[in-house]
Structure formats: C-alpha cells, structure tokens
1. Rank the residues Ser137, Ser38 as a footprinting-exposure proxy: fewest other Cβ atoms within 10 Å of their Cβ go first.
2. What's the local net charge at Leu72, with K and R +1, D and E -1, over the other residues with C-beta under 13 Å away?
3. Cα-based Rg of segment 23-172 per 2.2 N^0.38 Å, rounded to two decimals?
4. Using amide H atoms built in the peptide plane, which far-off residues or other-chain residues are under 5 Å from Gly54 H to H?
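Readers should treat all values here as calculations from the given coordinates under stated rules, not as data from a laboratory. On a predicted model such as this, the values are computed, not experimentally measured, just so you know. Cβ: placed from backbone, ideal geometry, glycine included. Neighbour counts: every protein chain shown.
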Amino acid sequence: MTSCTALSGSGSQPTPRCTKPRSAGKKTGPNPTDRGKSGTKRHTLTDGGGVPVGLLITPANWHDQRGLRPLLDERIVRAAPHTEQHLCLDKGYDAPPIARAVRHRNYIPHIRARGEERRACRRGTRPRRWVVERTHSWFNRCRKLLIRWEKKPQNYLALVQFAATIIVFRLAG
C-alpha cells in the first residue's frame, strides 16, 4: 500500500494508521551523528563522586562549548564562599573564551590540550572523565529519558531533574 490509510474489511471506509509521526518540541535540533534526526543533549555538571550538581538540555546540533556557560550558571548546589573549585574538562573545551568564562565563574580550569591525553595515557595516568560517564549511565537507567517524547523542554528538563534526584537519593542512602 502506498497511501497512509489502511483498509479494514471489505467495502469499509479507510481508517487512519494508529502510529503518528513523532513531533519534536523546542530545544531539539538535527543530530550530527544520527543521520540528522532531531535530538537533545543532556549536559551534566558533577562533583568528584559523580553526584549531579548542574543540569542543562540543549539541541543536539549545539556544540558543547556553547552549553558550558549556561550549565555553570544553572548549578543547583552552590559552593561555600572562598572555596577552591576545580573544573576538569576534555579537549573539546580547549579554547581561550571557555577558559576565561570558567575563571570568571571562580573555577580553576583543568582543560586537556589536544594530544595531551594520549601522552598521559602512555605514561600510565588515566583520565577522570569516567566519573561523568558513570553519571550518564545512571541517567540512562531511567528509560523515560532515553527517547525524548515530550514536546515542551521544561517537561523533559523536569524528568531529568527528577532522575538526578533519584541518583542523589541512591548515593546518599
């Protein structure tokens, strides 16, 4: 059949198919790694133990550097005044404007330079990116977050924040 309707029985009127196309809401964009399908990125700021302290959602076609400033501003738990805060970033954030923005928000940046991680791994040191990757896997255990069906970005952000609350509760207990 080439039409979008299906026939049910002999001589009946065509009935529409039960599946409707997925409509994407705001804060979605064509995913550059998934054949241009619309998608959303979840940006997560964690502490040293992997506890999420900042969350942000952006369209999938945004570069990660573009979401860093709003992520640092969206931090849920603020540090005590006069506390030294370190921020470890990978080489995708290796740009002078990013380092300035991180220092402006009272963080000490630790940004890997391009090629530096490969040399460090040869010496036997391992990157600490696994802490954030583990937190992302904890988010992926919440099956509702794997495919974004919500049209409104505030609804999807609320689900991500609820999942972060569950993660913090499990880590505290």
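1. Ser137, Ser38
2. Charge balance in the 13 Å sphere: +4.
3. Its radius of gyration relative to the 2.2 N^0.38 Å reference: 1.09.
4. Residues meeting the criterion, in which the H sits 1.01 Å from N, are Leu45, Ile76.
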